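Asks: The structure under discussion is supplied below as structure tokens; questions concerning it will follow.
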Amino acid sequence: MLLELFWRFFKIGLFSFGGGYAIIPLIQAEVVEQQGWLTQKVFTDVITISQMTPGPLAINTSTFVGMQVAGISGALVATIGAVIAGVIISLLLFNFFQSHQESKVVSTILQGLKASSAGLIASAALTIILLTFFTTSEFSQITGLSMLDIRAVIIFIGSWFLLKRFEIHPILLLCLAGVFGFFVY
């Protein structure tokens with residue numbers, strides 16, 4: 001199991017571009033859809049906890065998924081698997097960019113990667129929104145507004161209002177929303 005965890009997260013780290021939010025669909029595909037290690041609900045909870053804890057989202061998510069699948073050793077192996085590819089690639093890219101600083105081709109490739117990352121981030125955001133408000137990540141499974149979680153919508157709107165109107169610190173807002181959610185759910 002540990003070797004499988006390492007391999008899956010090594011692949012995720014190897015093929016993820018654009019940071020934490022861009023990695024969410026890749027992790028979801030591996031651990032929920034392909035391996036079935038986590039349910040969609042547990043995965044959503046892992047993403048939520050990963051966002052609230054200090055540190056990069058991709059590392060936190062890898063750690064929490066590994067913990068759910070194989071305990072502390074799973075957390076360690078999944079985290080190392082997710083990070084090691086990025087470290088190796090970063091070192092190789094640093095050397096490459098140092099020797100090709102003025103290349104227009106390299107600049108154009110980077111523009112393409114930025115666009116791809118924006119698409120992955122938008123996909124992750126849409127997945128989180130659908131899971132939060134409709135408890136599904138697929139548009140085709142939404143049968144109407146009766147599936148809409150009104151409590152989640154109220155917490156979202158209230159949080160947004162408090163953040164924009166009163167500029168409440170995000171950590172305090174997360175705590176307040178968590179307490180409110182505890183009582184509402």
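Asks: If the viscosity is 1.306 mPa s and the temperature 10 °C, what Stokes-Einstein diffusion coefficient in µm²/s follows for region 3-76 when Rh is the Kirkwood radius over Cα pairs? Each step should come with its number before you reach the end.
Replies: On the way: Rh = 12.0 Å.
Roughly 133 µm²/s, to the nearest whole number.
Asks: Going highest first, how would you order 51-61, 171-181 by mean Cβ packing within 10 Å?
Replies: On the way: 51-61: 16.5, 171-181: 13.3.
Sorting 51-61, 171-181 by mean packing, highest first, produces 51-61, 171-181.
Asks: Which whole-Hz ³J(HN,Hα) couplings does region 133-144 yield from phi under the Karplus relation 6.51 cos²θ - 1.76 cosθ + 1.60, θ = phi - 60°, glycine and proline marked x?
Replies: 8, 10, 6, 8, 9, 10, 4, 5, 8, 7, 9, x
Asks: Dipole magnitude of region 1-120 about its Cα centre, charges +1 at Lys/Arg Cβ and -1 at Asp/Glu Cβ only, in debye to the nearest 20? Provide the component values of the computation, followed by the final result.
Replies: Details: 5 positive and 5 negative charges, 32 e Å.
In debye, rounded to 20, region 1-120 gives about 160.
Asks: Straight-line reach from LYS41: which lysines have Cα under 24 Å away, leaving out those fewer than 8 places along the same chain?
Replies: Candidates past the 8-residue exclusion: LYS11.
Asks: Would you please name the trypsin sites (Lys or Arg not before Pro) within region 101-185 that are DSSP coil residues with at most 14 other C-beta atoms within 10 Å of their C-beta? Can you show the working numbers first?
Replies: On the way: sites: LYS104, LYS114, ARG151, LYS164, ARG165; in loops: none.
Nothing satisfies the criteria.
Asks: Expressed as a rounded percentage, what relative contact order does the chain have, with Cα pairs under 8 Å and six or more residues apart?
Replies: Values: 175 pairs, mean separation 42.7, N = 185.
Normalised by residue count, the contact order of the chain is 23 percent.
Asks: Can I ask one more? Please report, for the Cα atoms of the chain, the Rg to one decimal and the Dmax as a whole number; what are they, in angstrom?
Replies: Both quantities, over Cα of the chain: 18.7, 58 Å.
Asks: Counting helices only, and only those DSSP H runs with n ≥ 4, report the 222 nm mean residue ellipticity of the chain as the sum of -39,500 (n - 2.57) divided by its residues, in deg cm²/dmol to the nearest 500.
Replies: Details: 7 runs with 142 residues, N = 185.
Theoretical 222 nm ellipticity from helices: -26500 deg cm²/dmol.
Asks: In whole Hz and in residue order, list the ³J(HN,Hα) couplings for region 35-47 that follow from phi through the Karplus curve 6.51 cos²θ - 1.76 cosθ + 1.60, θ = phi - 60°; x for Gly and Pro.
Replies: Listing the rounded values in order: 8, x, 5, 10, 7, 4, 5, 5, 4, 4, 5, 4, 4 Hz.
Asks: So which trypsin sites (Lys or Arg not before Pro) in region 1-81 pass both tests, a DSSP loop state and at most 12 other Cβ atoms within 10 Å of the Cβ? Each step should come with its number before you reach the end.
Replies: On the way: sites: ARG8, LYS11, LYS41; in loops: none.
For trypsin sites (Lys or Arg not before Pro) across region 1-81 that sit outside H, G, I, E and B with at most 12 neighbouring Cβ atoms in 10 Å, the list is empty.
Asks: Using θ = phi - 60° and the Karplus curve 6.51 cos²θ - 1.76 cosθ + 1.60, what whole-Hz ³J(HN,Hα) does each residue of region 117-128 get, with Gly and Pro shown as x?
Replies: These are the phi-based 3J(HN,Hα) values: 4, 4, x, 5, 5, 4, 4, 5, 4, 5, 4, 5 Hz.
Asks: Quick check: the angle from helix 57-99's long axis to the longest principal axis of the chain, C-alpha only, nearest 10 degrees?
Replies: 40
Asks: Given 0.36 nm per residue, what is the gain on full extension from PHE94 to SER117 after removing their alpha carbon distance, in nm? All intermediate terms of the calculation are to be shown ahead of the outcome.
Replies: Working: separation 23, 0.36 × 23 = 8.28 nm, distance 1.95 nm.
Net length gain for the segment: 6.3 nm.
Computed from the coordinates by the stated procedures, all read-outs in this text should not be read as laboratory data. Since the model is a prediction, treat every value here as computed from it, not as a measurement. Cβ coordinates were reconstructed from backbone atoms using ideal geometry, including for glycine residues, and neighbour counts include every protein chain displayed.
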